[in-house]
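Worksheet: one structure, shown below.
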Amino acid sequence: MNIESFLCDGYCIVVIRDITLDKDLVEKQKKFVSNISHELKSPLTAILGFLQILKEEKEYNQVILNYMESETIKLKDLVLDILEVSKLQSYELKLQKKTINLSWLLLKICDENINLKASKFNISINTNIQDGISLIADEDKISQAIVNLLDNAIKYSNPHNQINVLLYKNFNQEILIEVKDSGIGIPENEVCYIFDRFYRAKNALSIGGNGLGLTIFKEIIEMHGGRIEVASKVGQGSTFTIILPKENLAG
Ligand code: ADP
């Protein structure tokens with residue numbers, strides 16, 4: 001039931017709507033998207049496997065095969081992200097919470113990202129991580145959220161830029177993870193949309209992406225009772241801050 005009331009010409013009008021059908025429809029749509037993504041995953045994995053075999057045959061045009069491969073990878077990433085969003089929004093997903101050493105985890109993720117991605121563009125990642133912060137949280141999901149933020153910080157930076165990653169507790173004992181880049185920034189009037197599904201800011205359109213990373217990121221942080229703050233200026237960079245409540249602290 002959905003109830004709305006408003007005043008009109010001195011009368012109070014109350015509108016009561018039965019939204020059971022709307023909810024049913026939304027659930028059916030979610031299930032449909034989830035099923036279709038699931039069905040697409042296997043053939044895409046098979047195509048990628050066969051492309052690998054074809055690439056070993058030198059008589060085939062490698063430029064075309066490489067193009068087919070990178071487009072198939074993009075498609076598969078999109079399907080996996082759609083599947084992840086529908087899982088996170090289905091309420092069926094249960095977090096696998098346990099005690100995790102966040103200080104250690106953050107350092108590990110930064111190290112892996114420097115080696116795998118940032119160094120390719122001569123981007124450096126500086127860390128300022130308070131020691132010994134442990135949380136009760138889902139390690140895989142928290143890692144996924146932090147990796148999403150770092151991926152974006154690297155992707156939207158310019159070569160030779162620096163990224164700063166901070167972890168600390170504030171005076172309320174909340175846990176703050178800050179990822180600060182000095183990249184392209186986000187236009188002020190678009191910041192409010194960046195967590196929407198498929199939304200990409202105008203200044204990011206020439207850079208690859210599908211607009212789902214921050215949707216997944218936000219769902220994960222909210223499932224842990226946290227919130228997100230964004231400060232950004234076009235041409236100067238962006239700072240994303242994850243704020244987790246003190247209830248998540250272990251011990
Ligand atoms: P994607 O990066 O795949 O486009 P995301 O959901 O991760 O999708 O991000 C949504 C949009 O938010 C991006 O397209 C970009 O416009 C903006 N954005 C996110 N992170 C940053 C960042 N660190 N710097 C600049 N823009 C960003």
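Values as computed for the structure displayed
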quantity: Per-pair calculated FRET efficiency, R0 = 25 Å: residue 74 and residue 35 via Cβ, rounded to 0.05; calculated: 0.70
quantity: The range 216-223 - phi-based ³J(HN,Hα) in whole Hz, Karplus 6.51/-1.76/1.60, Gly and Pro as x; calculated: 5, 3, 5, 4, 5, 5, 5, 5
quantity: Bins of 10 Å, starting at 0 and running to the largest distance - Cα pair percent for the range 17-88; calculated: 18, 34, 22, 14, 7, 3, 0
quantity: Potential extension, residue 203-residue 93 segment - 0.36 nm per residue separation minus Cα distance; calculated: 36.2 nm
quantity: 238, 5, 134 arranged by Cβ crowding within 10 Å, fewest neighbours leading; calculated: 5, 134, 238
quantity: Choice from 103, 124, 42 showing the highest fluctuation, given a GNM over the chain with Cα pairs closer than 10 Å; calculated: 42
quantity: The range 30-179 pair-distance distribution - Cα-Cα, 5 Å bins, rounded %; calculated: 2, 8, 13, 13, 14, 16, 14, 11, 6, 3, 1, 0, 0, 0
quantity: Gain upon complete extension [residue 121, residue 162; 0.36 nm per residue less C-alpha separation]; calculated: 13.7 nm
quantity: Residue-wise HN-Hα coupling along the range 6-15, computed from phi with Karplus coefficients 6.51, -1.76, 1.60 (Hz; x: Gly, Pro); calculated: 8, 9, 8, 6, x, 9, 9, 9, 10, 10
quantity: Cα-based equivalent ellipsoid of the range 110-251: semi-axis lengths in Å, sorted from largest, via gyration tensor; calculated: 24, 18, 14
quantity: Protection proxy ranking of 188-198, 220-230 - average other beta-carbon atoms within 10 Å, highest first; calculated: 220-230, 188-198
quantity: Kirkwood hydrodynamic radius (C-alpha pairs) into Stokes-Einstein, the chain, 4 °C and 1.567 mPa s, D in µm²/s; calculated: 62
quantity: Residue 107-residue 54 FRET efficiency (beta carbon distance; Förster radius 45 Å; 0.05 resolution); calculated: 0.65
quantity: Within the chain, helix-based [θ] at 222 nm, where runs of 4 or more DSSP H residues each add -39,500 (n - 2.57), nearest 500; calculated: -15000 deg cm²/dmol
quantity: Taking 147, 179 and counting other C-beta atoms within 10 Å, the order from fewest to most; calculated: 147, 179
quantity: 3J(HN,Hα) from dihedral phi, the range 169-174, Karplus parametrisation 6.51/-1.76/1.60, rounded to Hz, x for glycine, proline; calculated: 9, 8, 5, 8, 6, 6
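Where a number appears in this text, it was derived from the coordinates with a stated rule and is not lab data. Predicted model, so just to flag it, every value in this text is computed and none were measured. Cβ atoms come from the backbone with ideal geometry, glycine included; neighbour counts cover every protein chain shown.
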